[in-house]
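Have a look at the structure below, then the notes.
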Amino acid sequence: MTPTMAIANFACNVRFNRLPLTVIDKIKQLMLDCLGNQIGAYAEKSAQMLYEVLGVKQTRGKSTVVGYGSKTTPLLAGCMNGMLAHLLDMDDAHRDSLTKTGSAITPAVMAVAEEFECEGKRVIEAVVAGYEVMIRLGLAV
């Protein structure tokens, strides 16, 4: 099995009922931290400028843009919310892999989860898989 196949296999097989409670609790904390960063940043001028440039108001979808009350496509919501999560530069970081994992993973997962109406356990599985893959790739680089 190639390294790419191994990490893809891992990511596809993360299951909520096999995650330690400490991991679930930590992921919930990190997701709340990400949301807090998004809320803290949405009124910033650069956030408002990106909101306009992306044309979020002109699109429709199921995915929420934090702070604006807009529903748009997963692509636009993920992009906008990812920028909001990182804008104040208070997002979580994994020092050894040099990644800002939360602002990349959580907004993308949430945008897709809303679009497909995923339950909370699936969201947590996706965030855990995203963190693990991103950190491992960062360490490999």
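The values are calculated or read from the model by the stated rules, or taken from the named source; none is laboratory data. Here the structure is a predicted model, which means the values were calculated and not measured. Glycine gets a Cβ as well: all are built from the backbone with ideal geometry, and neighbour counts include every protein chain shown. Quick note on the areas: whole protein, heavy atoms, side chains included, nothing else; ligands and nucleic acids left out. Shrake-Rupley method; radii C 1.70, N 1.55, O 1.52, S 1.80 Å.
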### Task
Return yes or no: is Thr4 at pLDDT below 95 and either under 19 Å from Ala126 (Cβ atoms) or assigned to a helix (DSSP H, G or I) (or both)?
yes
### Query
Which members of segment 25-57 meet the condition of being among the aliphatic types (A, V, I, L, M) and either open to solvent by 80 Å² or more (accessible area, probe 1.4 Å) or assigned to a loop (DSSP other than H, G, I, E, B) (or both)?
Leu32, Ile39, Ala43, Met49, Val53
### Task
Out of the residues in segment 72-95 that are assigned to a loop (DSSP other than H, G, I, E, B) and either of a type in the set (Phe, Trp, Tyr) or over 18 Å from Gln48 (Cα atoms) (or both), state the one that is most open to solvent (accessible area, probe 1.4 Å).
Arg95
### Query
Of all residues in segment 11-24 being within 21 Å of Ala108 (Cβ to Cβ) and in a helix (DSSP H, G or I), which is least open to solvent (accessible area, probe 1.4 Å)?
Ile24
#### Entry: Residue satisfying all of: in segment 9-34; aliphatic (A, V, I, L, M) and out of contact with any helix residue (DSSP H, G or I) (no Cβ under 8 Å at 6 or more places or on another chain); farthest from Lys121 (Cα to Cα) among these
Leu32
### Residues satisfying the stated conditions in segment 114-141, i.e. of a type outside the set (Val, Ile, Thr), under 19 Å from Phe16 (Cβ atoms) and open to solvent by 30 Å² or more (accessible area, probe 1.4 Å)
Glu114, Phe116, Glu117, Cys118, Glu119, Gly120, Lys121, Arg122, Ala126, Glu132
### Query
Mind checking which residues of segment 61-71 are open to solvent by less than 10 Å² (accessible area, probe 1.4 Å) and polar (S, T, N, Q)?
Ser63
### Query
Taking Thr64 and the conditions (1) among the hydroxyl-bearing types (Ser, Thr, Tyr); (2) farther than 27 Å from Val141 by Cβ; (3) assigned to a helix (DSSP H, G or I), which numbered condition does it fall short on, given that it satisfies the others?
(3)
